[in-house]
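Below: one structure, written as structure tokens.
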Amino acid sequence: MGSVARAKGCLGANVYTEVPDGGWGWVVGLAFFFVEVFTYGIIKSFGIFFQDLMIHFNESNSRVSWIISICVFVMTFTAPLSSMSSTRFGHRPVVMVGGALISLGMISSAFVNSVEQMYITVGVVSGLGYCLAFLPTVTILSQYFQKRRSLVTAIASTGECFSVFLFAPAFTALKDYSGWRCCLIVMGVLQSTIILCGALLRPIVIQTKQEVVHKTPIKQTETKYMLDNEQTRTSIDSVDSGVQSLSTSCTNIVGRSKEEEMEMEKKEEETGMLPGASVEKEEPSTPLLRNKLLDFSVLKDCSFICYALFGLFATLGFFAPQLYVIPLSISLGIGKDRAAYMLSAMAVAEIFGRISMGWMLNKKPIRKIYIELICVLLLCLVLVVFPFVREFWGLMVCCVLYGFMLGTVAASHIPMLAEDDVLGIEKMPSAVGVYIFIQSFAGLAGPPLGGFLVDLTVDYGAAFYSCAAGMGVGAIFLALVRPAKTGLCNRRKKQQQNSKAPSWENLTQDNKIVVELPDDFLDVDLVAEESILKINSGDSTARAKSI
């Protein structure tokens, strides 16, 4: 029993009065690093199998590209399911189930007999697992940090870069030695590590100091109206506070017998009320907020709509270049061994890009949304340059530049949802699911579109042109996020406030300001005043009769 209790204490929820910016968050950051290694890192490294699958199954480039396309689509399309599951069951079990699905899908893909079967194993099964594993991890990591959120997320997200840097050459050598089927089994076994990472995700609960105080046992509680008049009250039982409770007025005016007083005191002790307080149902000072399973109200926010459209078009440039850079290198006469280093160079540069972006966002020389916009424009420019390169070192430079700029965008586009320029940390858990869901359609169309253009033009440079076009359109919508937040949204809020705010004409009647007070507030005072008048009138009539 003692060990079970200690285990629950170690893996239970962490309760803080404010965002810790550390603590168990560092463990969550390490878990997110390895989740990145075995999710996006494997997806980006999957391009090393394209040539083998095309030869083994005698399929075209576009049909093989559908494997990753379906995987990315399922991963992003099921994002709302991941958000709802995390809200309903918690982040830990969802990530652990996701890790099991990823491993199952990748291992089973080693025994397929057609590309269509890989659509199911890698595309659907592993794709669903990627979604369940990635989104809850990045969401809970954002909740553990506030001031260091951008830097920590950027550093932890370099896991996929290390994965591409190490796994691309290693899996290429393993594939050449034992075949692509054995290589997929090894990848699936390694991906089961995500289950352990999910077990480390301890829930976090942020409570204000007032909520902590309210949870301590208190035998005597003050009523609502006594709290409202705390400033004018000289003592708890004072009648001069300006507000008299019903029981107090009866005591001071009519009088009670000692037996009645004893009975009332007993009842008050049983209910935990102060003497002279009216019996009411205790209302919590801060109502408990229940998170919606999925909040689609974010679609009413103009800035979020613009940001979601940015993500939709920018996704065209997130996955396709990694898939086609090796075939492009081979088409230029570069050997397979040297071509594999293109992904490694891209991955190393992406590490520096992510860390640099995290450091820059932490310093905030300008608004974070503008920093991301500059990086997106530079990334679009690099994609345009790719098709003009015709030799190894030129292509290597392009890969380094692309990796660096991709790292800056990849490290910021999801955490940017937590910034006030887009939505804020309160709405991020639901917004992430909706945002990734919108991205799913571009993830489905990106790789096949590039493969179709390659088959049509017999030139791998066409795939990079399509990526650059999508990134350029995304930059336009990203530039509209801040104006939409400060312009359209603020106008709508002002209109709502003006419609709700009462006019001066409604506040005045017969040149007198009308003050709204609770009904029982007036009733209690009127009863006390009427009873006082009756007593005074009774005393005056008695004196008149005696005279």
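The values are calculated or read from the model by the stated rules, or taken from the named source; none is laboratory data. These numbers were taken from a predicted model, which means no experiment stands behind them. So basically every Cβ, Gly included, is an ideal-geometry build from the backbone, and we count neighbours across all protein chains shown. For accessibility, only protein heavy atoms count, side chains too; no ligands or nucleic acids. Shrake-Rupley method; radii C 1.70, N 1.55, O 1.52, S 1.80 Å.
Dividing the C-alpha radius of gyration of segment 326-433 by 2.2 N^0.38 Å, with N its residue count, gives 1.27. When the C-alpha to C-alpha distance is required to be over 24 Å, the pairs from Lys300/Lys363; Lys44/Lys336; Lys175/Lys336 that qualify are Lys300/Lys363. Based on every Cα atom in segment 1-138, Rg and the maximum pairwise Cα distance Dmax equal 18.2, 61 Å. Local charge sum around Phe171 (other residues, Cβ-Cβ under 15 Å, Lys/Arg +1, Asp/Glu -1)? Taking every Cβ under 15 Å from that of Phe171, the sum is 0. In this structure Trp26 has an accessible area near 130 Å², from a 1.4 Å probe over the protein heavy atoms.
At a 1.4 Å probe, what is the % contribution of carbon and sulfur to the accessible area of segment 141-199?
On the way: 1660 of 2330 Å².
C and S atoms contribute 71 percent here.
Using the average count of surrounding beta-carbon atoms within 10 Å as a protection proxy, the listed peptides 399-409, 169-179 rank, highest first, as 399-409, 169-179. Treating only the Cβ of Lys, Arg, Asp and Glu as charged (+1, +1, -1, -1), what charge dipole size does segment 55-171 show about its Cα centre? Round to the nearest 20 debye. Rounded to the nearest 20 debye, it is 560 debye.
Once the piece of chain linking Tyr16 and Trp393 is laid out straight, how much longer is it, given 0.36 nm per residue of separation minus the C-alpha distance between them? List each step's numbers first, then the result.
Details: separation 377, 0.36 × 377 = 135.72 nm, distance 5.20 nm.
Extending this stretch completely gives an extra 130.5 nm.
For the peptides 68-75, 307-314, what is the packing order when you average, over each peptide's residues, the other Cβ atoms within 10 Å and list the highest mean first? Display every interim value, and only then the final one.
Details: 68-75: 26.0, 307-314: 23.4.
Highest mean packing first, the order is 68-75, 307-314.
Max-minus-min Cα coordinates of segment 99-148 on each principal axis give 51, 15, 13 Å, with the largest extent listed first.
Put simply, the amide H of Asn14, placed in the peptide plane, has neighbours under 5 Å in Ile204, Val205, leaving out anything fewer than 5 places away on its chain.
Around Ile366, with a cut-off of 12 angstrom between Cβ atoms, what is the net charge of the other residues, counting Lys and Arg +1 and Asp and Glu -1? Neighbourhood net charge equals +3.
Sorting check: for 356-363, 154-161, which peptide has the highest mean count of neighbouring beta carbons within 10 Å, and how do the rest follow? Intermediate results must be reported in sequence, preceding the final value.
Values: 356-363: 19.0, 154-161: 25.5.
Peptide ranking by packing, descending: 154-161, 356-363.
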